[in-house]
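Working notes for the structure below.
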Amino acid sequence: MKTTLLRDELKELLSARPDLSTSFRSKSDWSRDELIGLCRELHLRPECALLLALKNEWERHCADAGLDDPPEGDVTAKSDFKPDATRLFAAFRKEGLAGGVTEEAFDKLVREMVLEQLHLASVDSPEFEAFLDRREATAGLLSEATPEQQARHATAYGAWVLASEELEDLCLAIERQRVGGARTTQEFMSRMGEVFLRLQREANRVMSLERRLELKEADPTLTPEALDRLVADQESQAAAALERLRLMKEFRIPAVPLPVDGVPAISFEEAADYERKVKGVLRKLRLLLHPDRLTSHPSFEKLTARQKEILKSLWNMASTIRPEDLAYAPGQIGYAARTYQVLHAALQRALVILETAGIDTDACLIPQGDTIEERIAWYERELERLELDIVGARAELKQLLDDPVVEERRAILTMSPKQQEKIIDRMRTKTREYHQQAEALEARLEELFKGELRS
């Protein structure tokens, strides 16, 4: 989607109306009432006027938040945009542009347009035209519906818009929290990673030996090779986690992040487009690849075992922050959330795999149904799924927010150098204790096998 600014939209519209006052052409700062009054003078349809009004609200929101062109700091803070639909509706009604809709219906329309990021688009963009076509098709269905069907449709549609909006915000909040936690871990590892890695290796060794002893004592006939097979998955996962931490330690990020080659500071338009694309791809990834969604899809059983494994790995990859994802400065694309390219690549590969299983990936994004009853049923089904997604996303976000490991590391990073040295000394002591415990466990395990040979 190509993003546009209000001044450019008005310049284009006013160029076709030379009869209007020249004061309109020189004006650069529009109040809500002035802009909607101009929309009435331009004879714009209500939806077009609302797009321009939302664009005006959006630009004021960014200016009030200090997110000028180019923006500074966390560009994803722009997701906090929540226009005042009540005041907008009052202004539209005053100018006769409310189109006969109720305030509740107007509020839902505002939410849907913001959800689809149409306040960034042009009035003649293909995205907005497609949106208008869908509204006209829905209006046609509603004109032939009974009052009871119209009421049910309004309820189902409104609930779906609110749930979609909430899930999208949760997806971005989860992404921010993941990146923030990864930054904390990276800084922690850069300061005391060597000592921590030695501690973790010995802890993993103790855990593995305890599991081997437990299995051997439960089944004395197990051979060393059999034990290796039984603990292989557990040890592989522990080793992978340790390797991720090692990479965090080795990947050096400057105390003040420097611009990454090929990733310039972003302009207002780029920030808006980035925000839209990242939020959209995060939502699609969750709706497509989250285990609860994927396994419940009617086409899931058509996938081969290898396809299922690839999709699982893609979801894991989309949920994991890599060290190189952290090498961005404030104000750059990729600082507060991973770059669109990383997330989009995972989505595109998943789509290719799922298309071979006959999945219609557009079905979850655009309302389906040729009759009003089919449309209501679609909204109700999607709402049920969205509500489950929201429950899962809230739980995931809470787990990230309450992560005791990240909180402990963050607390350590705020300590004085003297206090941090005490923490390092304690880790060294604990490492020696784990080493002694591992040696004892290893001796016990060897004794069990030696006992078998003697008998």
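At 0.36 nm per residue, and after removing the present C-alpha to C-alpha distance, how many nm does the segment from Ser190 to Glu144 gain when stretched out fully? Spell out each step's value before the answer.
Numbers: separation 46, 0.36 × 46 = 16.56 nm, distance 6.58 nm.
Length gained between Ser190 and Glu144: 10.0 nm.
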Once R0 is set to 60 Å, what does the formula 1/(1 + (r/R0)^6) return for the Cβ-Cβ distance between Ala240 and Glu12, expressed as a FRET efficiency to the nearest 0.05?
0.65
Along the range 55-62, what does the Karplus equation 6.51 cos²θ - 1.76 cosθ + 1.60 (θ = phi - 60°) give for ³J(HN,Hα), rounded to whole Hz, x for Gly and Pro?
4, 5, 4, 5, 5, 5, 4, 5
Can you list the lysines whose alpha carbon sits under 27 Å from that of Lys94, skipping same-chain ones fewer than 8 residues off?
Lys11, Lys27, Lys55, Lys82, Lys108
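Where a ≥ b ≥ c are the square roots of the eigenvalues of the C-alpha gyration tensor, would you call the range 115-176 rounded, which needs a/c under 1.5, or, failing that, prolate if a/b is larger than b/c, or oblate? If you can, show how the numbers build up before the last one.
Values: a/c = 4.73, a/b = 1.33, b/c = 3.54.
In terms of gyration-tensor shape, oblate.
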What are the ³J(HN,Hα) values, in whole Hz, obtained from phi via the Karplus relation 6.51 cos²θ - 1.76 cosθ + 1.60 with θ = phi - 60°, for each residue of the range 381-398 in sequence order, with x given for Gly and Pro?
5, 5, 5, 4, 5, 5, 5, 5, 4, 5, 4, x, 5, 4, 5, 5, 5, 4
Cα-projected label distance for Met415 with Glu127, points at 7 Å along beta-carbon direction, nm
4.8 nm
Roughly what would the spin-label model give for Leu230 and Gln436, points 7 Å off Cα along C-beta, in nm?
2.9 nm
Using θ = phi - 60° and Karplus 6.51 cos²θ - 1.76 cosθ + 1.60, couplings along the range 406-411 (whole Hz; Gly, Pro as x)
5, 4, 5, 5, 5, 5
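No lab work stands behind these numbers, since they all come straight from the coordinates. As the structure is a prediction and not an experimental result, all values here were calculated from the model. Glycine also receives a Cβ, built like all others from the backbone with ideal geometry; neighbour counts cover every protein chain displayed.
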